[in-house]
Amino acid sequence: LSCTGCKKKDFVYHRKYSGEKYCKKCFCTSIEKKIARTVSKHQMLSSTDLIVVGLSGGKDSVVLTHLLAQMEKKFPNSKLITVTIDEGIKNYREETIEIVKKITQDWNIENKIYSFKKEFGYSIDDINQIILEKKLDLLPCSFCGVFRRKLLNQAARDLEADKLAIGFNLDDEAQTILMNFIRGDLSRMARIAPKPKKISPKFVPRIRPLREIPEKEIALYAFYKSLPMQSKECPYAFNSLRHNVQSSINLLEEKTPNVKFNILKNLHTINELFQDSEIKSIKNLHDCEKCGEPTSSTLCKACELISILE
Ligand code: Q46
Ligand code: ZN
């Protein structure tokens, strides 16, 4: 009954997909090692990077900030800044902003808050109201995802970041791959790559160091390390496509423990097949007519969505 790591203590966690059994301490070490390996394998960071971390206050971004802060201490020429997006969701975002304030004060990390209302003129609660009034066939999450992506990039660019780190775990990654497949967005799927790339001077390369760690293990790590975590779920989460895809993958996983890793691995195979293909290239990136951010259409996705609300 002993731990695969130290061979002394009793195990508390059985990692079914690999067969390892860990005590609390060795489990945490295994997570830290795995993430460090992901970072170096895909050359996600260099020793002089200014890293902006998207810190929402959820477990993934808290764990990511905690681990990057540890890594950053070893590299005196690197720097870490956290950015928090306030989407304007009542009875939900207030709690996470409190967590973010506490963490960044305790850990002595700079934090900047950007709000949808201020940057786009609408909070997610406003948008939900308009969707209901106009009977639009859209979900708040469709706006939220696009706005957050745009604002995080703008924030990282304003702060002159070299990398933008996002707390995407293995579950998120597998869901995104399937969602792109379901939507028929093969070119976006083919572009999901672990290694950061600069596709436009206006885009800060994004890195996802947690992409090989299942969500369950991130939660366990946060629990063992007593990291503060938000308790509520976003009120809009339940009817999104992501939520449905998540339930389906979790159902599949009960019988096939490797399903999430397989989705990720198969994506890499597809990516290699598409190596020099047209499908991967982003053609004709130019400035959005309204906001000036890079897009392949006349308007960027965020401005296109805003025009529906007006
Ligand atoms: S915050 Fe925004 Fe999520 Fe809430 S409205 Fe949807 S996308 S569920 S991660
Ligand atoms: Zn635009």
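Note on segment 82-105: residues that are open to solvent by 40 Å² or more (accessible area, probe 1.4 Å) and closer than 18 Å to residue 237 by Cα total 5. Residues in segment 32-64 that are among the β-branched types (Val, Ile, Thr) and under 14 Å from residue 85 (Cβ atoms) were compared, and the one that is farthest from ligand 2 (Cβ to nearest atom) is 53.
The sole residue among 205, 257 that is away from ligand 2 (no atom under 16 Å from the Cβ) and under 21 Å from the mean Cα position of the chain (by Cα) is 205. I'd like to know if segment 81-91 contains one or more residues that are over 20 Å from residue 165 (Cα atoms), out of contact with any His (no Cβ under 6 Å at 6 or more places or on another chain), in contact (Cβ under 8 Å) with a residue 40 or more places away in the chain and not basic (Lys, Arg). The answer is yes, given that some residue of segment 81-91 is over 20 Å from residue 165 (Cα atoms), out of contact with any His (no Cβ under 6 Å at 6 or more places or on another chain), in contact (Cβ under 8 Å) with a residue 40 or more places away in the chain and not basic (Lys, Arg).
Residue by residue, here is whether (1) within 16 Å of ligand 2 (Cβ to nearest atom); (2) in a loop (DSSP other than H, G, I, E, B); (3) not basic (Lys, Arg) holds:
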site	(1), (2), (3)
126	no, no, yes
137	no, yes, yes
147	yes, no, yes
150	yes, no, no
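Residue-wise test of (1) open to solvent by less than 40 Å² (accessible area, probe 1.4 Å); (2) aliphatic (A, V, I, L, M); (3) more than 29 Å from residue 37 (Cβ to Cβ); (4) touching a residue at least 60 places away in the same chain (Cβ under 8 Å).
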position	(1), (2), (3), (4)
53	yes, yes, no, yes
60	yes, no, no, yes
107	no, no, no, no
118	no, no, yes, no
133	no, no, yes, no
136	no, yes, yes, yes
146	yes, yes, yes, yes
160	no, no, no, yes
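Quick grid of which residues meet (1) buried (at least 16 other Cβ atoms within 10 Å of the Cβ); (2) aromatic (Phe, Trp, Tyr); (3) within 16 Å of ligand 1 (Cβ to nearest atom):
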position: 232; (1), (2), (3): no, no, yes
position: 275; (1), (2), (3): no, no, no
position: 284; (1), (2), (3): no, no, no
position: 293; (1), (2), (3): yes, no, no
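The numbered conditions (1) within 20 Å of the chain's Cα centre (by Cα); (2) modelled with pLDDT under 95 are all true for residue 302 except (2). Of the residues making up segment 271-293, one or more are within 16 Å of ligand 2 (Cβ to nearest atom) and within 30 Å of residue 62 (Cβ to Cβ).
Would segment 200-222 turn up any residue that is farther than 25 Å from residue 62 by Cα and of a type outside the set (Lys, Arg)? Within segment 200-222 (the criterion being farther than 25 Å from residue 62 by Cα and of a type outside the set (Lys, Arg)), the answer is yes, since at least one residue qualifies. The single condition among (1) in a helix (DSSP H, G or I); (2) away from ligand 1 (no atom under 15 Å from the Cβ); (3) closer than 19 Å to residue 60 by Cβ; (4) open to solvent by less than 40 Å² (accessible area, probe 1.4 Å) that residue 180 does not satisfy is (3).
Looking across 253, 212, 217, one residue alone is modelled with pLDDT of 85 or more, touching a Leu at 6+ places or on another chain (Cβ under 7 Å) and surrounded by 14 or more Cβ atoms within 10 Å (Cβ to Cβ). It is 212.
The residues of segment 203-237 that are of a type in the set (Ser, Thr, Tyr) and outside any loop (DSSP other than H, G, I, E, B), listed by number, are 221, 224.
Filter segment 59-81 for residues that are of a type in the set (Ser, Thr, Tyr), more than 23 Å from residue 236 (Cβ to Cβ) and assigned to a helix (DSSP H, G or I) and give the result. Result: 65, single match.
The values are calculated or read from the model by the stated rules, or taken from the named source; none is laboratory data. Nothing here was measured: the structure is a model prediction, and the numbers come from that model. When we count neighbours, we look across all protein chains shown, and the Cβ atoms used for this are built from the backbone with ideal geometry, even at glycine. Side chains are part of the model used for accessible areas, which takes the heavy atoms of the whole protein and leaves out ligands, DNA and RNA. Shrake-Rupley method; radii C 1.70, N 1.55, O 1.52, S 1.80 Å.
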